[in-house]
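The values are calculated or read from the model by the stated rules, or taken from the named source; none is laboratory data. This one's a predicted model, so the numbers in the text were calculated from it and none came from an experiment. Neighbour counts are summed over all protein chains in view; Cβ atoms, including those assigned to glycine, are modelled from backbone coordinates with ideal geometry. Side chains included, ligands, DNA and RNA excluded: accessible areas come from the protein's heavy atoms. Shrake-Rupley method; radii C 1.70, N 1.55, O 1.52, S 1.80 Å.
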Amino acid sequence: MSHVSLPNGEDERSGRIMPSGLPLVIEPPLTIDVEDAALRHDRLATLVAEKVVPRLLALHAPAQDALRAETFHAGTIEINELSRLVLGAENADAFDYITALRGAGLSLDNLYLELLEPTARHLGELWDEDKVDFLDVSVGLIRLQRLVRVFAGLDDAAPYDEKCRALIIATPDEQHLFGNTIVQRFFRAAGWHVGCGPVTGTADLEAIVSQEWFGVVGLSIAADRHLDSLRSAIAVVRAKSVNRNVGIIVGGPAIFERPELARDVGADGTAINAPAAVVLAKKLLVPSLVARDTAGR
């Protein structure tokens, strides 16, 4: 099992308790120094040299043919290359790479579906396999989020770092919380303020989302028997949230086994692991940012 190794100097403040007295804590983002990550990549040299580069070279000609196609679709080669770039020393390389793919015909929709989200998922898999550490993945996620922002056309939007606020909780009645803790930690490392705490029923959830602005709400579910509870919780969030454009993500074993349930219960999407959830959350945050920016003009 992978162990979470936190960077030195991590901000472990206890967060802010809601004035209402509800058992919700808003945890601040972790302190992540992107520059420190460059020191950690030497150990990846062997992996890149032995696994990634040979595959890229072997498939170079077919890839060039694909780049000349009218419509380009990203695959394993592009996912591995973007993963290497966002784990590297310069984020500009990742931007230039995506720009080239966009010029080759990769649509904005496919950019997220075929490249950004799968790359985040791949980073999570590398972490699970202990090939990269928590800081490496965190830096990669920060860079992927920046790419989502740029290619979503939000460069001119009002400052929104403080709008990266996510409520990450278990579905009411669920008792399995360990996975939520991992997801919360990755969100915080990627620059999000995270609301967390026990929510014992829809009344608690209604009180929370009606008082606190969240860009994204994440709900986990381990057992199928709680699907009705999850469906009710999502309906409450939709009806009572301060943010009328709130994005809703669902995850957990019950959803991983049947991802089609995400739409059935009324969520906007699901993610197979925590890094993928972070990038999905930034995509789902876009409508809220655009709405707030428009309202402020």
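Tabulated values for the structure
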| item | result |
| --- | --- |
| Flag if ASP264 is open to solvent by 10 Å² or more (accessible area, probe 1.4 Å) and more than 22 Å from the chain's Cα centre (by Cα) | no |
| SER241 vs. criteria among the polar types (S, T, N, Q), under 22 Å from PHE178 (Cα atoms) and open to solvent by less than 30 Å² (accessible area, probe 1.4 Å) | no |
| Any chance GLY197 is under 24 Å from the mean Cα position of the chain (by Cα) and on the phi > 0 side of the Ramachandran plot | yes |
| Selection from segment 178-204 of residues that are open to solvent by less than 30 Å² (accessible area, probe 1.4 Å) and hydrophobic (A, V, I, L, M, F, W, C) | PHE186, PHE187, ALA189, ALA190, TRP192, VAL194, CYS196, VAL199 |
| Members of segment 130-145 that are open to solvent by 10 Å² or more (accessible area, probe 1.4 Å) and closer than 11 Å to ALA94 by Cβ | ARG143 |
| Qualifying residue in segment 115-130 (condition: closer than 27 Å to ILE182 by Cα and in a loop (DSSP other than H, G, I, E, B)) | yes |
| Flag for ILE79 being more than 19 Å from ALA152 (Cβ to Cβ) and of a type in the set (A, V, I, L, M, F, W, C) | yes |
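Listed here are the residues, each with its yes/no results for (1) more than 15 Å from the chain's Cα centre (by Cα); (2) at pLDDT 90 or above; (3) open to solvent by less than 20 Å² (accessible area, probe 1.4 Å).
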residue	(1), (2), (3)
VAL209	yes, yes, yes
ARG225	yes, no, no
PRO259	yes, no, no
PRO275	no, yes, yes
ALA281	no, yes, yes
